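Chemist: Structure incoming, see below.
Derivation of every value follows stated rules applied to the coordinates shown; laboratory data play no part. As the structure is a prediction and not an experimental result, all values here were calculated from the model. Neighbour counts are summed over all protein chains in view; Cβ atoms, including those assigned to glycine, are modelled from backbone coordinates with ideal geometry.
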Amino acid sequence: MLIVDDFQAGEDADSAALRLPRYHAKSLFLPGSSSSEMIRELLSSEEIHMQETVQEYINRLLGYSQGKDPLRLQLATPKKLAGLIKGKNKKQLARKPAPDKWSVVEILAHLADAEVAISWRIRQILSTNAIAIQAYDQDRWAQTFSYAKRDPKVSLASFRSLREANLSLLKSVPRKLWENYGVHQERGNESINHLVNMVAGHDLNHLQQIEKILKPRR
């Protein structure tokens, strides 16, 4: 059972699985604190947040790619990423928007590793319909594989290579195989067609995050 807050780290459907909407506050009552101090504590950036459900997360990502060609979106992502980080220094790429949110360096590492996961997943589903699909914990991967210390250029190169290989494979198989599905251990049946659109939305979501992080601060 993987319960991870999308709003805190990256936002992966595997890690987000089985979440329930809830509010969280570290400290509602602080001994000796005034009402205004308690309110400030309660409303601080990470003291209270609402988590989206798995279905809400899926709908959000699908909404990003709705009405667009998912393969074109995926094909364009490496170039867009390269454009966003061009000319940025290490400090800019390593800056976290919040203590428990990912930096650009970490997002790029996540995208590269997520593409490894999707590479295996689509090959399993295309070759064996209704195969069981295991989830993974993106935050554990980030910690175990030291995303914060990854070279962003290497991550981007890995992502680009894997993405090109995956798109080439998807285009090479009969389109009827896109109806094949895997049985995700937490999200249920997911077809290739569904995954293709999810990955496109996942790209757009992270591109928006990177743009926001690198946006000049006043």
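Chemist: Quick one: what are the phi-derived ³J(HN,Hα) couplings along region 213-218, Karplus 6.51/-1.76/1.60 with θ = phi - 60°, whole Hz, x for glycine and proline?
Modeler: These are the phi-based 3J(HN,Hα) values: 5, 8, 5, x, 8, 7 Hz.
Chemist: Once you list every other residue whose beta carbon is under 12 Å from the beta carbon of residue 158, what net charge do they have if Lys and Arg are +1 and Asp and Glu are -1?
Modeler: On the way: positive: 150, 153, 160, 163; negative: 113, 115, 151, 164.
It works out to a net charge of 0.
Chemist: Also, I was wondering about something else. Between residue 172 and residue 208, what length comes free when the chain is fully extended (0.36 nm per residue of separation minus the Cα-Cα distance, one decimal in nm)? Before the final figure, lay out each step's value.
Modeler: Details: separation 36, 0.36 × 36 = 12.96 nm, distance 3.02 nm.
Computed gain between residue 172 and residue 208 is 9.9 nm.
Chemist: Which entries in the list 171/215; 68/176; 88/171 go over 29 Å, if you measure between the two C-alpha atoms of each? Each step should come with its number before you reach the end.
Modeler: Working: 171/215 35 Å; 68/176 20 Å; 88/171 34 Å.
Listed pairs above 29 Å: 171/215; 88/171.
Chemist: Please report the spacing between the Cα centers of region 156-218 and region 111-153 in Å, no decimals.
Modeler: Centre-to-centre distance over Cα atoms comes out at 11 Å.
Chemist: Convert each backbone phi in region 93-98 into a coupling constant with the Karplus relation 6.51 cos²θ - 1.76 cosθ + 1.60 (shift: θ = phi - 60°), then list the ³J(HN,Hα) values in order as whole Hz, x for Gly and Pro.
Modeler: With the stated coefficients, region 93-98 comes to 6, 8, 6, 8, x, 7 Hz.
Chemist: Taking 35 Å as R0, compute the FRET efficiency from the Cβ-Cβ separation of residue 189 and residue 157 and round it to 0.05. Intermediate results must be reported in sequence, preceding the final value.
Modeler: Details: r = 34 Å, r/R0 = 0.97.
Computed FRET efficiency for residue 189 and residue 157 comes out at 0.55.
Chemist: For region 104-218, just the Cα set please: Rg and Dmax, both in angstrom.
Modeler: 15.3, 53
Chemist: Amide H of residue 133: which non-local residues (sequence gap of 5 or more, or other chain) have their own amide H closer than 5 Å, using H built in the peptide plane?
Modeler: When sequence neighbours closer than 5 places are left aside, the close amide H contacts are 183, 184, 185.
Chemist: Hey, another quick one. Considering every Cα-Cα pair within region 79-146, what fraction, in whole percent, is farther apart than 19 Å? Walk me through the intermediate numbers first.
Modeler: Numbers: 1094 of 2278 pairs.
Tail of the P(r) past 19 Å holds 48 percent of the pairs.
Chemist: What ranking of 58, 131 emerges when the number of other C-beta atoms within 10 Å of each C-beta is taken as an exposure proxy, fewest first? Before the final figure, lay out the partial values.
Modeler: On the way: 58 19, 131 14.
Least to most surrounded, the residues fall as 131, 58.
Chemist: Shifting gears a bit: In whole Hz, what ³J(HN,Hα) sequence does region 103-118 give by Karplus (6.51, -1.76, 1.60; θ = phi - 60°), x for Gly and Pro?
Modeler: Each residue of region 103-118 in turn: 7, 4, 4, 6, 5, 4, 5, 4, 4, 5, 6, 5, 5, 4, 5, 5 Hz.
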